[in-house]
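A short write-up of the structure that comes next.
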Amino acid sequence: MLTVEVCSQTDTNPITTQITYTNKLEYVGMSFKKMKDKTKIIIDVSLPLNEKTLIYPGNVGLEVEAHHTMPDHATHLSKITMGSHTGTHIDAPAHAIPDGLTLDKIPMETFIGKCRVMDFTSSKSSIKIEEIKAKGAKVGDRILAKTTNSNRGFMKFYDDYVYLDGDAADYLADLGIKLFGIDYLSIKQRGSNDHRPHTSLLTRNIPIIEGLDLKDVSEGEYEIYCLPLKFTNIEGSPARVVLLADTA
């Protein structure tokens, strides 16, 4: 099924945009049919990229410098130096699994579609398996975990960020979710020898989004559009991630 949307857009603030679908045409068989008009809110849950972007310790820093400048050149060009896991980014299986899938081998539909934001702001230190079960996670879910990490912000690095517990990662992998995202720069506890938050999911080809800013996002169902840069043969990439929500 192919859906074509003709829309108008109104900016409301830097991270939220209102988009009105004035004509939505759904392709069914060999014909289009008009669907009911509706309005959605676009919420940008990506971290801004600049020289103040928070970097996980040991990762490549982000530097932006002029390569060509006007008026010496006809145009302005910048040189960007950064790691593949800078800002809001995707971990592909090759990030932690020998001979795992690289990012370009993951179907794009994995990153686009319905998702669930789950509120774990009451979680202490880590998201536990019992808390995941209590939220009713299901096979095929795209899950974005909101924790107190988002409330603390991304201006400085905190060693005690909330992470996904290894048993919870095992449970989600066995369940067969489609995607997991969390609101800090790593899904696993820093310095821990328990690598299951990465390996359990990535072994099952379940990609991970790290570095989401979910401070202004409430628990509920959304549409996610997560678009990594089109690198090939690489284990991860920065991504622009937005959520679409129905207006009240």
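Remarks
- Scanning region 180-211 for residues that are aliphatic (A, V, I, L, M) and over 16 Å from Ile127 (Cα atoms) yields Leu202, Ile206.
- Yes/no for Thr81 being of a type in the set (Ser, Thr, Tyr), in the same structural domain as His195 (by TED's automatic domain parsing) and surrounded by fewer than 18 Cβ atoms within 10 Å (Cβ to Cβ): yes
- Inter-residue pairs, beta-carbon under 7 Å, first in the same structural domain as Ala239 (by TED's automatic domain parsing) and in region 106-117, second β-branched (Val, Ile, Thr) and assigned to a loop (DSSP other than H, G, I, E, B), 6+ apart: Val117/Val217
- Test result for Thr110, touching a strand residue (DSSP E or B) at 6+ places or on another chain (Cβ under 7 Å) and part of a loop (DSSP other than H, G, I, E, B): no
- Within region 119-176, the set of residues being small (Gly, Ala, Ser) and part of a loop (DSSP other than H, G, I, E, B) comprises Ser122, Ser123, Ser125, Gly136, Ala137, Gly140, Gly153, Gly176.
- Residue in region 73-86 that is touching a Leu at 6+ places or on another chain (Cβ under 6 Å), outside any helix (DSSP H, G or I) and more than 21 Å from Leu185 (Cα to Cα) present: no
- Residue check, Phe180 assigned by TED's automatic domain parsing to the domain that holds Thr232 and either basic (Lys, Arg) or within 15 Å of Cys226 (Cα to Cα) (or both): yes
- Meets criteria (more than 25 Å from Arg116 (Cβ to Cβ), modelled with pLDDT of 95 or more and not in a loop (DSSP other than H, G, I, E, B)) for Lys33: no
- Figure legend. Inter-residue proximity from region 181-203: first residues within 15 Å of Tyr171 (Cα to Cα) and of a type in the set (Gly, Ala, Ser), second residues in a helix (DSSP H, G or I) and at pLDDT 95 or above, beta-carbon distance below 9 Å, spacing 6+ or different chains. Indicated pairs: Ser200/Gly166; Ser200/Ala169; Ser200/Asp170; Ser200/Tyr171; Ser200/Leu172; Ser200/Ala173; Ser200/Asp174.
- All positions within region 177-215 that are among the β-branched types (Val, Ile, Thr) and not in a helix (DSSP H, G or I): Ile177, Ile182, Ile187, Ile206, Ile208, Ile209
- Qualifying residue in region 139-154 (condition: more than 20 Å from the chain's Cα centre (by Cα) and either crowded, with 16+ Cβ neighbours inside 10 Å or not β-branched (Val, Ile, Thr) (or both)): no
- Any hit, region 233-241, residues being farther than 18 Å from Ile42 by Cα and of a type in the set (A, V, I, L, M, F, W, C): yes
The values are calculated or read from the model by the stated rules, or taken from the named source; none is laboratory data. A quick note: this is a predicted structure, and the numbers were derived from the prediction, not measured. Positions of Cβ are backbone-derived with ideal geometry, glycine not excepted, and every protein chain shown enters the neighbour counts.
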